[in-house]
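K.L.:
This is the structure, below, for whatever I ask next.
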Amino acid sequence: MQIEIPNKLFNIQCPETSQAAMVRKHDTNNNPWIRVNDFAQHRDTSGSAKPYRDFIYATRGERQKKNDETEALAVNAVRSCETDENRPPFYARVAHDTTIDEPAPNTIPPPIQVDLPSQKSHHTAILLILLNLASWYTCSDSRLLVKMTLVHNAICLDGSLPAYHLHRGFGAGARNWLLQFEGGGWCNDIQSCLERAQTRRGSTLYMNKLEDFNGILSNNASLNPDFYNWNRVKLRYCDGGSFSGDAKFDNGTSVLYFRGKKIWEAIILDLLPQGLMHARKALLSGCSAGGLSSFLHCENFARILPRNTSVKCLSDAGFFMDERDIALNHTMRNFFENLVSLQCMFPQYFLRYITAPFFILNTAYDVYQFHHALVPPSADTTGHWNRCKLSIDSCNTRQLDILQDFRQDMLVALRSFHIYSRRGGMFINSCFAHCQSESQDTWFARDSPQIYSKTIAEAVGDWYFSRNTSKLIDCFLYGKDEDGKTEIFTSFVA
């Protein structure tokens, strides 16, 4: 029997001679077979092992994730093995949301094996396989879906009411708050904003009314050990300007409302009487354009809350660089100039003015900046970089050097923060990714990115609760050049 999902083949083999059914997986490049279902563990603060999630394995480069348009897929049906070689394989339909993670190197467990006493009892074997997979289904079906709340006194690009999703804290976290800005790019001219206003990026009319909370928003202590019992809020993004701006466009035919600042204020005013005004601890975070919002609103957030509240901020993939592209043009600068005044949008210029403790989570090879700032389509009209963009393995030596220079420029821009910020935190890894706090497989899982054996969730928790210094940069070293000046030395990590 075969179970197929896009670009992956899960194979349950029923060899006539071995009288066994094995759940295995391979890809088109004949990579080693990998166990489909495995029960992972993590150790809590007391050192005891606790199960925390199931993994569906795949090989490197084959992770199945959600994107803006399509939910990730997981198998919702299996069928008994067929011993008749003339019968076509059965292809199961797919549904349910999940992710597929790659196994840790050199730790591939053996295939699941189910003895078949006879071919007549092969249905019993399949039942055992289903029981083995049961925890996966339970995990998929028990997603935390949080309903939408609309707020007044502000409007989205199209005039619809803005919104947020709140999941209440409990226990020791009942008076702690985590606010997460949603990301989703920007619009920087009337035409792109008119188009955006007719999508979920510019109108709550097109948004899902239930939002899936995972990663930093999860309520599972084993998946989000430090913030699982906090009041967790996701602020929906519908203004196209990172929750900034207060203007209106009206040419008599079309109307657009650039009310990002008002949306931020309206949501805060709605949350304050719900307990935010009495917060003991608070963390303002965001991803991508939402990560930029964390930079923009961190100081305001700290001023709103009581002085005795521990207020800190985190930006995930929001450290957008004022960098020239491969054609030596300032593509990102020109884009932001059309959005707002120049230096208001590049964190490297105003980070020094943020007094609240700040954590910067970024990959030095941020995929969005790679594709849109360093190598935008306008700078690569011949498509010379197309293969490199699709796979780092296809990049030539010159392209790798350019990517390494971009990484170096990011570390130079962060140098002062890294050296002089006594209350700041950092996690700068070398993954080709964009946003790592909202996805469980990168936030806190068996194969999550790590620096010095520390996951992102652990680094953020250590920083917030002052358990340990959390300024982590992989492949990183300070040194002195021939003139005695401080330099940054790095090595490329593919």
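K.L.:
Would you pick out the residues in region 184-207 that are farther than 14 Å from L256 by Cα and either of a type in the set (S, T, N, Q) or at pLDDT 95 or above (or both)?
P.N.:
If the condition is that a residue be farther than 14 Å from L256 by Cα and either of a type in the set (S, T, N, Q) or at pLDDT 95 or above (or both), then R200, T204, L205, Y206, M207 are the ones that fit.
K.L.:
Please pick out the residue among E265, E299 that is over 26 Å from W443 (Cα atoms), open to solvent by 40 Å² or more (accessible area, probe 1.4 Å) and either among the charged types (D, E, K, R) or in a helix (DSSP H, G or I) (or both).
P.N.:
Criteria check complete, one pass: E265.
K.L.:
Also: Just need a number here: residues in region 303-326 that are open to solvent by 50 Å² or more (accessible area, probe 1.4 Å) and within 21 Å of Q369 (Cβ to Cβ).
P.N.:
Counting residues in region 303-326 that are open to solvent by 50 Å² or more (accessible area, probe 1.4 Å) and within 21 Å of Q369 (Cβ to Cβ) gives 2.
K.L.:
Continuing with the same structure: Output the number of the condition that C435 fails; it satisfies all remaining conditions of (1) touching a helix residue (DSSP H, G or I) at 6+ places or on another chain (Cβ under 7 Å); (2) within 16 Å of S288 (Cβ to Cβ).
P.N.:
Every condition holds for C435 apart from (1).
K.L.:
Follow-up. When only residues in region 167-214 that are part of a helix (DSSP H, G or I), in contact with a strand residue (DSSP E or B) (Cβ under 9 Å, 6 or more places away or on another chain) and over 17 Å from S244 (Cβ atoms) count, which is most open to solvent (accessible area, probe 1.4 Å)?
P.N.:
Here the answer is I190.
K.L.:
Please return the ranges of helices (runs of 4 or more DSSP H) entirely within region 392-482 where 1 or more residues are under 14 Å from D316 (Cβ atoms) and open to solvent by less than 20 Å² (accessible area, probe 1.4 Å).
P.N.:
Result: 440-443, 456-464.
K.L.:
Give the number of residues within region 215-243 that are in contact with a Leu (Cβ under 8 Å, 6 or more places away or on another chain), crowded, with 23+ Cβ neighbours inside 10 Å and either of a type in the set (D, E, K, R) or in a loop (DSSP other than H, G, I, E, B) (or both).
P.N.:
Adding up the residues that qualify gives 12.
K.L.:
Here is a follow-up. Here is a list of conditions, (1) modelled with pLDDT under 95; (2) surrounded by fewer than 19 Cβ atoms within 10 Å (Cβ to Cβ); (3) in contact with an Asp or Glu (Cβ under 7 Å, 6 or more places away or on another chain); (4) within 22 Å of G286 (Cβ to Cβ), and A379 meets all of them except one; can you say which number that is?
P.N.:
The one condition A379 does not meet is (4).
K.L.:
Scanning region 379-391 for residues that are in a helix (DSSP H, G or I) and not hydrophobic (A, V, I, L, M, F, W, C), which turns out farthest from M321 (Cα to Cα)?
P.N.:
R387
K.L.:
Pick from D246, D250: which is over 26 Å from the mean Cα position of the chain (by Cα) and free of Cβ contacts under 8 Å to residues at least 12 places away in the same chain?
P.N.:
Of the residues listed, the single one that is over 26 Å from the mean Cα position of the chain (by Cα) and free of Cβ contacts under 8 Å to residues at least 12 places away in the same chain is D250.
K.L.:
Another question, if that's okay. Filter region 340-364 for residues that are surrounded by fewer than 24 Cβ atoms within 10 Å (Cβ to Cβ), modelled with pLDDT under 95 and not β-branched (V, I, T) and give the result.
P.N.:
Selection gives S341, L342, Q343, C344, F346, Q348, Y349, F350, L351, R352, Y353.
The values are calculated or read from the model by the stated rules, or taken from the named source; none is laboratory data. This one's a predicted model, so the numbers in the text were calculated from it and none came from an experiment. In this analysis, Cβ positions are derived from the backbone assuming ideal geometry, glycine residues included, and neighbour counts consider all displayed protein chains. Calculation scope for accessible area: heavy atoms of the full protein, side chains included, ligands and nucleic acids excluded. Shrake-Rupley method; radii C 1.70, N 1.55, O 1.52, S 1.80 Å.
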